[in-house]
Amino acid sequence: MFCYFDINDLSNVTVKCDPDRIPELEDHYDWISKPYNGNAKYWIGMDAYRADNELFKQLIRKSYEIVKKGNKTKKRKMNVFEMKFAKVFPMLIAKAERKGRTREEVYELTEWLTGYSSDEIDHLLTSDTTYGEFFDRAPQMNPARMNVKGRICGIRVEEIEDPKMRDMRVLDKLVDELAKGKSMEKILNL
């Protein structure tokens, strides 16, 4: 969100602002004040009726740019392949364990898919390996993984074009099937 206001009362339009610029703006323009219901460190309030039209537009545009830039940073940080394997893999285990399945079963599925041994997985859990590197360096991706079908997170696994993303979603799907109570034989008999 970069701007908010009461549609029936434009006496206070609140926008994001560069924190270093806020004191100067508040000192020089009487129509700029503390924000309505916002953190005064990052937001300013503006009286649209009294505002200098050009500066008012510039501040709204700048607010949008601040938020847009922040969203790009967040999207980049959310790339699952850049996350540490030691952070992602325990979440798969926890998903299975919440449904009464075991860590060993998750390991078995992972070994089947990637060719890693249990010892290798344990070692990766203590390393700085990313989730992307985990798949890139897999000893032997199982060719039968191409037979895994169905939806995970609302996406059909078989329709994912990026090979590494597909492999990641295959592991998600295998663990999801495990958590749903399917037997290991049914899951791996694809």
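The values are calculated or read from the model by the stated rules, or taken from the named source; none is laboratory data. Just so we're clear, the structure is a prediction, and the values are computed from it rather than from any experiment. Cβ placement follows ideal geometry from the backbone for every residue including glycine, while neighbour counts extend to all protein chains displayed. Accessible surface is based on the protein model in full, side chains and every heavy atom, while ligands, DNA and RNA are left aside. Shrake-Rupley method; radii C 1.70, N 1.55, O 1.52, S 1.80 Å.
Quick check on my filter: what residues within the range 1-53 are open to solvent by less than 50 Å² (accessible area, probe 1.4 Å) and in contact (Cβ under 8 Å) with a residue 60 or more places away in the chain? Of everything in the range 1-53, just one residue is open to solvent by less than 50 Å² (accessible area, probe 1.4 Å) and in contact (Cβ under 8 Å) with a residue 60 or more places away in the chain, namely CYS3. The sole residue among GLU104, GLU185, GLU158 that is within 20 Å of VAL80 (Cα to Cα), in a helix (DSSP H, G or I), without any contact (Cβ under 8 Å) to a residue 24 or more places away in the chain and not aromatic (Phe, Trp, Tyr) is GLU158.
You will find that of ILE66, ILE93, the residue that is closer than 30 Å to LEU174 by Cα, touching a Lys or Arg at 6+ places or on another chain (Cβ under 8 Å) and among the aliphatic types (A, V, I, L, M) is ILE93 and no other. Residue count for the range 57-67, restricted to those that are in contact (Cβ under 8 Å) with a residue 40 or more places away in the chain and not small (Gly, Ala, Ser): 6. Filtered by the rule that a residue be under 17 Å from LEU109 (Cβ atoms) and within 18 Å of the chain's Cα centre (by Cα), the range 143-166 gives ILE152, ARG166. Does PRO139 satisfy being without any contact (Cβ under 8 Å) to a residue 24 or more places away in the chain, over 25 Å from the mean Cα position of the chain (by Cα), under 19 Å from ASP167 (Cα atoms) and open to solvent by 30 Å² or more (accessible area, probe 1.4 Å)? So PRO139 fails the test. Every condition in (1) touching a residue at least 12 places away in the same chain (Cβ under 8 Å); (2) over 18 Å from MET165 (Cβ atoms); (3) over 26 Å from the mean Cα position of the chain (by Cα); (4) surrounded by 12 or more Cβ atoms within 10 Å (Cβ to Cβ) is met by SER117 except one, and the failing one is (1). ILE93 - would you say it is under 30 Å from PHE135 (Cα atoms) and part of a helix (DSSP H, G or I)? Yes.
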